[in-house]
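The values are calculated or read from the model by the stated rules, or taken from the named source; none is laboratory data. All values derive from a computational prediction rather than experimental measurement. In this analysis, Cβ positions are derived from the backbone assuming ideal geometry, glycine residues included, and neighbour counts consider all displayed protein chains. Heads up: the accessible areas ignore ligands, DNA and RNA and are worked out on the full protein's heavy atoms, side chains in. Shrake-Rupley method; radii C 1.70, N 1.55, O 1.52, S 1.80 Å.
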Amino acid sequence: MQLSSRQEEILAIAKTQGRVLVEDLANLFQVTPQTIRKDLNDLCDGKALNRIHGGAVFPSGNENVKYEARRLMAAAQKQAIGKAAGNIIPDNSSLFINIGTTTEAVGEALVDHRELMVITNNINVANRLRVYPSIEVIIAGGVVRGSDGGIVGEAAVDFIRQFKVDYAVIGVSAIDADGALLDFDFREVKVAQAIIANARHVILVSDASKFERTAPVRMGHVSQVHTFITDICPSEEIRRICAENDVRLVETG
C-alpha cells in the first residue's frame, strides 16, 4: 500500500493531535466525507490509525506501531536516509544491521555494493540481500518476532558478540530530548547494545518522527554513535550533543 499525499497529511495531523474527525478533514481538504472515510479505512487497514466513531486515533505512544504501518510512514524520508548511509559504507566491508524499517531502507541501498559481509537479526534484510552473490549474509539465531521478523533474545546477543565489524547500522523507536535512544522490547535492546559494542563505526538512522515519540526501554545515547543520519533534526539539544561528542550529523531533508 502506497499512501496518497492526502493520507500522509491525515496521518501527520493524527500524530500531532492524537485523533482526527471525518467532518473536520472533509472541510480541511474540501472533499466529501465518503472520500475521507475511505482514506481513514485505508490507514486503519494498514494499522497506521485506529478507527473510532466519527474518525480515527493515532496509536498510543506506549505501544509500538504495527510493522506495516511503520513501513509506510515517512517512506520517502527513510529511502533518502538509507541512501545516505549506503554512501558511507564502502565495498569490502563488514557490518551489522539491526531491526527496523529505516535499517531495512539501508539494506535496500546496499544491493549494488560488492564484497560485503552483512550480519543481521532482521529477517527482512537477510531475505532482501541473500540473492546478491557479492553480499555474504549471516543471520543471528534466537526468537523470531512474528510482527516484524526481528530476531531477539540471549541467543542473538551471544551470536553478535562473536564478531567485530567495520560498521553497525542501528535504528530506534524514539529519541528523547536528552539524547537517550529508546525502544519498546528489552530483548531487542540487548541485541542492539551488543551491536554497538562490537562495531568500529556506529551509524544511527532515524527519521524526524522519532523525536516526537517515546518508548520505555533505554538502548543507549546519541553520544555513543559516530554518525547520525536523519531527514531533519529539530532539536538544538541533540545538535549540541552531536557537536560536543564528535558525532557527525547528516540531514537528508
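Data overview
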| item | result |
| --- | --- |
| Subset of segment 161-193 [under 20 Å from PRO216 (Cβ atoms) and either assigned to a helix (DSSP H, G or I) or without any contact (Cβ under 8 Å) to a residue 12 or more places away in the chain (or both)] | PHE186, ARG187, GLU188, VAL189, LYS190, VAL191, ALA192, GLN193 |
| Residue selected from segment 68-77 under the condition open to solvent by less than 60 Å² (accessible area, probe 1.4 Å) and either assigned to a helix (DSSP H, G or I) or modelled with pLDDT of 85 or more (or both), by the criterion farthest from ASP207 (Cα to Cα) | ALA69 |
| Of all residues making up segment 1-44, the number that are in contact (Cβ under 8 Å) with a residue 60 or more places away in the chain and surrounded by 14 or more Cβ atoms within 10 Å (Cβ to Cβ) | 3 |
| Output for segment 138-151, where each listed residue is in contact (Cβ under 8 Å) with a residue 60 or more places away in the chain and open to solvent by 40 Å² or more (accessible area, probe 1.4 Å) | SER147 |
| Of all residues making up segment 78-96, the number that are among the hydrophobic types (A, V, I, L, M, F, W, C) and open to solvent by less than 10 Å² (accessible area, probe 1.4 Å) | 5 |
| Residue under evaluation ASP91, criteria (1) under 18 Å from the mean Cα position of the chain (by Cα); (2) in a loop (DSSP other than H, G, I, E, B), criterion not met | (1) |
| Test: residue in segment 152-161 that is open to solvent by 10 Å² or more (accessible area, probe 1.4 Å), within 21 Å of PHE228 (Cβ to Cβ) and either of a type in the set (Ser, Thr, Tyr) or in contact with a strand residue (DSSP E or B) (Cβ under 7 Å, 6 or more places away or on another chain) (or both) | no |
| Tabulated pairs, segment 203-215, first assigned to a helix (DSSP H, G or I), second among the hydroxyl-bearing types (Ser, Thr, Tyr), C-beta under 9 angstrom, 6+ apart or interchain | ALA208/THR230; LYS210/THR102; LYS210/SER173; LYS210/THR230; PHE211/THR230; PHE211/SER235 |
| Segment 181-234 - residue that is among the hydroxyl-bearing types (Ser, Thr, Tyr) and over 13 Å from the mean Cα position of the chain (by Cα) and, of those, farthest from ILE119 (Cα to Cα) | THR214 |
| Within segment 94-114, tally of residues that are assigned to a loop (DSSP other than H, G, I, E, B) and either of a type outside the set (Asp, Glu) or within 14 Å of the chain's Cα centre (by Cα) (or both) | 7 |
| Unique residue being out of contact with any Asp or Glu (no Cβ under 8 Å at 6 or more places or on another chain) and closer than 25 Å to ILE88 by Cβ when the list is VAL189, VAL225, VAL144, VAL157 | VAL225 |
| One residue from VAL31, VAL65, VAL20 being at pLDDT below 85 and either outside any helix (DSSP H, G or I) or not hydroxyl-bearing (Ser, Thr, Tyr) (or both) | VAL65 |
| Residues that are within 20 Å of GLY253 (Cα to Cα) and of a type in the set (Ser, Thr, Tyr), drawn from segment 77-132 | THR101, THR102, THR103 |
| Matching entry among ASP166, ASP158, ASP112 (being touching a Leu at 6+ places or on another chain (Cβ under 7 Å) and over 20 Å from PHE184 (Cα atoms)) | ASP166 |
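Results for (1) at pLDDT 95 or above; (2) surrounded by 17 or more Cβ atoms within 10 Å (Cβ to Cβ); (3) in contact with a Gly (Cβ under 7 Å, 6 or more places away or on another chain), shown as yes or no for each residue.
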residue	(1), (2), (3)
ASN98	yes, yes, yes
ALA109	yes, yes, yes
ARG114	yes, no, no
MET117	yes, no, no
THR120	yes, yes, no
ASN124	no, yes, yes
GLU136	yes, no, no
